[in-house]
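These notes are about the structure you will find just below.
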Amino acid sequence: MGVLNVTPDSFSDGGDFLDLDAAVVHGTELAAEGADLVDVGGESTRPGAGRVHLDAELARVVPVIERLSRAGIAVSVDTTRHEVAQAAVAAGAVLVNDVSGGLADSQMLPAVADLDCAYLAMHWRGHSVDMQTRATYDDVVAEVIEELAERVDAAVAAGVTRDRLVIDPGLGFAKTVDHNWALLRGLDRFDVLGLPVLVGTSRKRFLGELLADADGLRPPKERDDATVALTALLAVAGVWGVRTHTVRPQLDAIKVGGMWQRG
Ligand code: PMM
């Protein structure tokens, strides 16, 4: 899954693709490099970010999704709002990537039940503005699995069949650096949910901290090599997908991980 943030303020690529043509060009490049999905988002979820108005989010993502879908590219929409999910699927999106797993909008799950699309439920404990205050766990892996299981049950109860579901541990969302590493080490425990898993590590702060030096945190766009290393490990771990800002080097890592696993 290649990331296409149509936002002024995302942490690593904010403002790069706010213009419609620039966004379509970048989405087309991600697909040409081999992304199976291009994930279009119009609201930044970086820690501390405020909400974007619904109309602004629609105006950012719908025209991009329309143009990419018309070009035959499989698109997902990164949104927590049911109105955006509905408009995105009408414009051609095939997956709704909801970082709140249905918690941010009580109408999301019933709306998705009526749409012809897949649904990704990420682990989430609250909006970005103060989510890091909720990063408290006794056993982060057990609690994230338990809370995701609740979201899966809620989705199924709303009418979203299990064959449409993907789950995501939500690295960096109400998680400290240590929580992120614990979740990565404990990924095999997510098998109990019996669903495909997608993981987003790309350029995240915990990599900036791992690679920090005397100049401070490694800047986001200089975290891609570390992201590639994690992608190889995630491929060995057997995840269904990775959400990344670059595509070609990640595909190389997936091929290496696949061969490592199969011999
Ligand atoms: N991370 C971000 C945004 N959307 N969606 C899913 N499913 N998983 C993630 O880990 C995730 C996400 C934040 O990264 P960005 O601001 O670079 O898009």
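The values are calculated or read from the model by the stated rules, or taken from the named source; none is laboratory data. All values derive from a computational prediction rather than experimental measurement. Glycine gets a Cβ as well: all are built from the backbone with ideal geometry, and neighbour counts include every protein chain shown. Accessible surface areas use protein heavy atoms only, side chains included; no ligands, DNA or RNA. Shrake-Rupley method; radii C 1.70, N 1.55, O 1.52, S 1.80 Å.
What to note about this one:
- One residue from Glu57, Glu33, Glu66, Glu29 being within 21 Å of Val99 (Cβ to Cβ) and at pLDDT 95 or above: Glu57
- Residues that are more than 15 Å from the ligand (Cβ to nearest atom) and among the aliphatic types (A, V, I, L, M) are absent from the range 168-175 altogether.
- Matching residues in the range 107-135 - criterion: being among the β-branched types (Val, Ile, Thr) and modelled with pLDDT of 95 or more: Val112
- Here Val152 fits the description: within 23 Å of Gln107 (Cβ to Cβ), open to solvent by less than 40 Å² (accessible area, probe 1.4 Å), within 15 Å of the ligand (Cβ to nearest atom) and assigned to a helix (DSSP H, G or I).
- The lone exception for Arg51 - which of (1) within 11 Å of the ligand (Cβ to nearest atom); (2) modelled with pLDDT under 95; (3) out of contact with any helix residue (DSSP H, G or I) (no Cβ under 6 Å at 6 or more places or on another chain) it fails: (1)
- Residues in the range 58-94 that are surrounded by fewer than 24 Cβ atoms within 10 Å (Cβ to Cβ) and either without any contact (Cβ under 8 Å) to a residue 40 or more places away in the chain or not in a helix (DSSP H, G or I) (or both): 19 in all.
- Restricting attention to the range 27-47, the residues that are surrounded by fewer than 22 Cβ atoms within 10 Å (Cβ to Cβ) and more than 12 Å from the ligand (Cβ to nearest atom) total 7.
- Residue pairs meeting the criteria (Cβ under 6 Å; at least 6 apart or on separate chains; first part of a strand (DSSP E or B), in the range 167-182; second within 12 Å of the ligand (Cβ to nearest atom) and among the charged types (D, E, K, R)): none
- The residues on offer are Arg248, Arg262, Arg218, Arg223, and the sole one that is more than 12 Å from the ligand (Cβ to nearest atom), touching a helix residue (DSSP H, G or I) at 6+ places or on another chain (Cβ under 9 Å), over 17 Å from Asp188 (Cα atoms) and among the basic types (Lys, Arg) is Arg218.
- Taking residues in the range 187-204 that are open to solvent by 60 Å² or more (accessible area, probe 1.4 Å), and partners anywhere that are away from the ligand (no atom under 13 Å from the Cβ) and not in a strand (DSSP E or B), the pairs with Cβ atoms closer than 6 Å and at least 6 places apart or on different chains are Arg189/Val141.
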